[in-house]
Amino acid sequence: KRVERVEEHEDVLSRTFLTNDGKRITYAEAVDGMTLRATEYMETMGVEESVRESVTADMKEELLKQHVEAEKRGLGDHGIRHIYGNFERGEAYLESRTDLSAEQKLAVLVSQVYHDEGYTLNENCLGTLHPGNSDKKHDEASLTVWNDPGRRSMYGAVFSDKTMSSIQTAIGTHNSDDVQAIQKNTAITADPVVSTVHICDKLALSQREK
């Protein structure tokens, strides 16, 4: 069961926050920055306009939903500001990776948008999905949201099977505290989608957003 829809909460988008580099922007500007970048990547990939619009609409709704739930449940910052921080760190790094395709860069962004979705599941937040271990298992719960058949079908029209697998791994393992797994997923030889998502999220702990 998902939490309620959030159309009535769009007023939060007019509020402002400080980015990690000290700029004050609205939550709407942060969402627009991420969805605009996603659109640019999809245009480079040759994705049809109708698919681009469906993807960015879904991203906007899920970003807002995560933000509302983070504020309502007192979960710490797992909303737009945190995701935007991950996005900024990812973009700064990806600028130097001329060897990566637009599809891979979009996969990083999509993974960042959906990586903390587990916090929007009632079952996870109430502790019934993973009793006594909801925070540590929220990445697995996030896959429950990502693997919605309709969402998988939509993104399957954007990404190759290989890239879909990278996104699955990035979302489902980003919160691991296993040292060997962390080393594997952040190594220079690791899948660049997975490693970028992991590193950006772990760096958030030392940033303004946290």
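Protein chains only, probe 1.4 Å: how do LEU36, LEU100 rank by accessible area, largest first?
Correct descending sequence by accessible area is LEU36, LEU100.
Return the sequence-ordered ³J(HN,Hα) values of the range 87-102 in whole Hz as given by the Karplus equation 6.51 cos²θ - 1.76 cosθ + 1.60 applied to θ = phi - 60°, using x for Gly and Pro.
So the J values, rounded to whole Hz, are 4, 4, 5, x, 5, 4, 6, 5, 4, 8, 9, 6, 7, 9, 7, 4.
What distance in nm lies between label points placed 7 Å from Cα along the C-beta direction at ARG151 and GLU29?
For ARG151 paired with GLU29, the spin-label model returns 2.8 nm.
Sorted by accessible area (1.4 Å probe), largest first, how do THR16, THR163, THR173, THR44 line up?
I get THR44, THR16, THR173, THR163, largest accessible area first.
How would GLU71, GLU48 line up by accessible area, probe 1.4 Å, largest first?
Order by accessible area, largest first: GLU48, GLU71.
Need one value: the accessible area of ARG81 in square angstrom, 1.4 angstrom probe, rounded to the nearest 10.
Rounded to the nearest 10, that gives 60 Å².
The values are calculated or read from the model by the stated rules, or taken from the named source; none is laboratory data. As the structure is a prediction and not an experimental result, all values here were calculated from the model. Virtual Cβ from ideal backbone geometry, glycine too; neighbours counted across all protein chains shown. Side chains included, ligands, DNA and RNA excluded: accessible areas come from the protein's heavy atoms. Shrake-Rupley method; radii C 1.70, N 1.55, O 1.52, S 1.80 Å.
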